[in-house]
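Engineer: Take this structure first; my questions come after.
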């Protein structure tokens, strides 16, 4: 009988673990948000994090956007030329970038670059008792470490998304005009014709959520870290994987709500 | 005055603290000795509210800190300074900023005043001229001294030392012990040192307490501990392999 | 000069926000500086189809927008804000037009032909301009369509009279049977003569070889010939204007003739209904021929005349009837998709047309271009062997054999899809021809996603003639992320150890609604 029930026990444990993790994540976010009201914002840390997530990520985001736009343009051409609607390539690239790929790719690249670094930095602080030291010095570690990161990610993600989408559209333009040799005016004109303001702003709204997700999960996993340097590695990996999954999951949910 | 009452704590079903009672008198240095992993650090973390007990109370000047809210607890914590085993210095900022950190967080002093304070305490701990180095660039002994400086910068009532001499050579250990004594003479804080270095305990402690099997089994002046009849204390003090302390018990 | 951190963040953020603001204005068509305008108005019998914000154009260029519409003395008075840089003169006339059959309406201002513009004063703020009835009112056009449809119906009715009778049906059956026999015979003929065809092919190869040699030898002569050609085409070019002039004249004459004989043409259309009666006669004749053939094989005659066949036919005719009545439900969809197979680094591209007579089921017809070795596709290889030396006596094998191998390989092969699909709740079951082989499939639309996420599986290759190829099974997920665009990913040939491969792809899909819009060039319908 026990053997028969053990798989169910496993499933139950797994589900409880997921719920537990999600629950503590939400409690953590709530605590962090509360500490915004409890203390004033630490602007020095916020600026440091904004530089780290924003300007320092510019090349990564730019290259991602550029090549994505170029590939989109090429691929759309392949399909569009069959029906002779090559004038739709511009809107295809622009809408894909602003609505979907811009926010998601930016979020994934920032996760890889900054989320991992947040998790490992806080994780290292945890295992070397620096977090305890903060608490002993009566400094709320959420206020000191999480809030600047969450706020910075929230602010910089949309900004980097704008750049990613713009560079992507420029990349698509380069391929459209110079590689495929099509009329470059059509590309721009049709984008303006078919794009709506809501396409841009819903994409940016997504990016804000992605920013919250990245910073929350990464810092949370950092605070959870136990088990020395090996633990830091393990929790950093968890942070990146979990952030990526939650981003894609949230992307679906937000898309179904927003569009 | 700090009082721990019937403190009990277990991790994963193993009782680390078992009905522990102790009182730490004001302006005295109490050294808690005991085996590695014997629950000394856990006791220390209870005192500062990093860990909450399963049962029992932690009273600081008569206030039970386990029932406090986060903000009230932080007010209590401002009375404390703590020196961590490995220093726990923030490795993203330099020595100066590490020492200035509590000042910046809790006071609104001007930059010049902060500078004066940090330089004064740096010279007290014998680290003048090292303030621009990063924590990764200095030796273990120096890290401990920076830790002491950071703990003392706000002139706290109570200072906790988590194994201040562990991992140092005998000369450096002695230097740290002397530093603790001189700082105590200067600032008159209530000191709680946990250590397994018996020689250091004799030197620094006004009172020595022995933590064994989750509770305090003996407390008294260094002379009393030295001449204790308790076989466990005796074995620990003499550092003998033979006695009631079993090696399998960790 | 050293820039501190705060300034860096500030500059960066401001630049990005400026970019965002610029594109928001462009995309949102928000203009901070409105160009100066002046207002004119015009009276229309009907302002149907236009509203505030409707474009006002002249010679196809936007010159302003409709500002206000009000009812004055039973007429619609339309106020238009015209940009000051464009001038409107009193001789100009406003009319309401449509961009296309289904497109939006706009106000067009145009000069009346024949009057000179330059000498008159331009129209000022608040003045009124004349209007005219739009030259092609939509309802008039629709009336014309309706009339045409009436005529069409008359023709089809008489056609039905001739074909729809029992005898007519029997005739058709007989004809169909004969056609089937013919194609069978043709098939056999081709099969029998396959060897001959091969010989012909090899002859052809040798001929082309000879031609090659010939051209090498006659290089000079060919060059000369090309020169001559050149000269001829040059002459032609010279005379082309004259020729086109003639053609123009000719077409003009033709036009005249058509215009003169319009009545006659109408007459002849009426005669068509008479002609269809004659069709029955000719059908009788065809029947006579086929019945002669039938005489030889009486059993088959029975088969053709069997009642069940007739009933089936009747049933399908009924089906067609319901099809016609349910025309409003009838949908045509089209999709183009491309898949990249990671393992073989090749791609599959297909175009499918979905005919959906009712929401419950549809037919899918398509053409696919698949890589070599996909499904049952193999390169066509033709080997031709020339034996130049006859074997010397006493030896079993020829002493010298020259073998020429010509290999025709195609990087991609064309395959066809023809599927019947039936919808059950969120599932769709498909069966029929997949990549020119027998196949079945299932789609599952994830509920609540507006059919945007689809899980699917296909199995095909069941009746492939090639023994070495087994069934193909692939499965994947398709995600429509924007109205007409979808992404596709999955696993191809799952049960084959050496061939299984991940694929990714995507494509475009259109419904008949979109196609209509594409053809008439209007704006896309918003979902």
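Engineer: Just give me the residues in the stretch A:53-65 being away from every other protein chain (no Cβ under 14 Å) and surrounded by fewer than 18 Cβ atoms within 10 Å (Cβ to Cβ), in sequence order.
Structural biologist: Quick first cut of the stretch A:53-65, residues away from every other protein chain (no Cβ under 14 Å) only: A:60, A:63-64.
A:60, A:63 - these are the residues of the stretch A:53-65 that are away from every other protein chain (no Cβ under 14 Å) and surrounded by fewer than 18 Cβ atoms within 10 Å (Cβ to Cβ).
Engineer: Here is a follow-up. Kindly indicate whether any position in the stretch A:67-82 is in a loop (DSSP other than H, G, I, E, B), within 11 Å of chain C (Cβ to nearest Cβ) and modelled with pLDDT under 95.
Structural biologist: no
Engineer: Please state which of the following conditions residue C:119 fails to meet, knowing it meets all the rest: (1) modelled with pLDDT of 80 or more; (2) over 40 Å from the mean Cα position of the chain (by Cα); (3) more than 14 Å from every other protein chain (Cβ to nearest Cβ).
Structural biologist: (1)
Engineer: Among A:40, A:32, which is the only one that is outside any helix (DSSP H, G or I) and either touching a strand residue (DSSP E or B) at 6+ places or on another chain (Cβ under 9 Å) or within 14 Å of another protein chain (Cβ to nearest Cβ) (or both)?
Structural biologist: Only one candidate qualifies: A:40.
Engineer: Oh, and also: Among the residues of the stretch A:112-133, which ones are facing chain B (nearest Cβ under 8 Å) and either in contact with a strand residue (DSSP E or B) (Cβ under 7 Å, 6 or more places away or on another chain) or more than 17 Å from residue A:215 (Cα to Cα) (or both)?
Structural biologist: A:128, A:129, A:130, A:132, A:133, listed by residue number.
Engineer: Evaluate the following for residue C:419: is it at pLDDT below 85, surrounded by 15 or more Cβ atoms within 10 Å (Cβ to Cβ), under 20 Å from residue C:489 (Cβ atoms) and assigned by TED's automatic domain parsing to the domain that holds residue C:487? Talk me through it step by step, then tell me what you get.
Structural biologist: Numbers: at pLDDT below 85: yes; surrounded by 15 or more Cβ atoms within 10 Å (Cβ to Cβ): yes; under 20 Å from residue C:489 (Cβ atoms): no; assigned by TED's automatic domain parsing to the domain that holds residue C:487: yes.
No; evaluated as a whole, the condition is false for this residue.
Engineer: Could you look through the stretch A:192-231, keep only residues that are more than 13 Å from every other protein chain (Cβ to nearest Cβ) and more than 21 Å from the chain's Cα centre (by Cα), and pick out the one that is farthest from residue A:112 (Cα to Cα)?
Structural biologist: That would be A:227.
Engineer: Is it the case, given these coordinates, that residue B:37 is within 13 Å of another protein chain (Cβ to nearest Cβ), on the phi > 0 side of the Ramachandran plot and either free of Cβ contacts under 8 Å to residues at least 40 places away in the same chain or in a loop (DSSP other than H, G, I, E, B) (or both)?
Structural biologist: The answer is no for residue B:37.
Engineer: So how many residues does the stretch B:86-99 have that are modelled with pLDDT of 85 or more, within 12 Å of chain A (Cβ to nearest Cβ) and surrounded by fewer than 22 Cβ atoms within 10 Å (Cβ to Cβ)?
Structural biologist: Residues that pass the stated criteria total 5.
Engineer: Next up: Looking only at the stretch B:59-78, filter to residues that are away from chain A (no Cβ under 11 Å), in contact (Cβ under 8 Å) with a residue 24 or more places away in the chain and surrounded by 15 or more Cβ atoms within 10 Å (Cβ to Cβ); which one of those is farthest from residue B:141 (Cα to Cα)?
Structural biologist: Among them, the one singled out is B:59.
Engineer: Taking helices (runs of 4 or more DSSP H) that fall entirely within the stretch A:118-234, which contain at least 2 residues that are touching a residue at least 60 places away in the same chain (Cβ under 8 Å)?
Structural biologist: By residue number, A:147-174, A:184-194, A:197-224.
Engineer: Evaluate the following for residue A:179: is it in contact with a strand residue (DSSP E or B) (Cβ under 8 Å, 6 or more places away or on another chain) and either closer than 22 Å to residue A:53 by Cβ or at pLDDT below 90 (or both)? Walk me through it before giving the result.
Structural biologist: Values: in contact with a strand residue (DSSP E or B) (Cβ under 8 Å, 6 or more places away or on another chain): no; either closer than 22 Å to residue A:53 by Cβ or at pLDDT below 90 (or both): yes.
Taking the combined requirement at face value, the residue does not satisfy it.
Yes or no, residue by residue, for (1) more than 19 Å from the chain's Cα centre (by Cα); (2) without any contact (Cβ under 8 Å) to a residue 60 or more places away in the chain:
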| position | (1), (2) |
| --- | --- |
| B:118 | yes, yes |
| B:162 | no, no |
| B:171 | yes, yes |
| B:185 | no, yes |
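Engineer: With respect to residue B:81, is the statement that it is within 12 Å of chain A (Cβ to nearest Cβ), under 30 Å from residue B:22 (Cα atoms), touching a residue at least 12 places away in the same chain (Cβ under 8 Å) and not in a loop (DSSP other than H, G, I, E, B) true?
Structural biologist: yes
The values are calculated or read from the model by the stated rules, or taken from the named source; none is laboratory data. None of these values were measured; they are calculated from a predicted model. Virtual Cβ from ideal backbone geometry, glycine too; neighbours counted across all protein chains shown.
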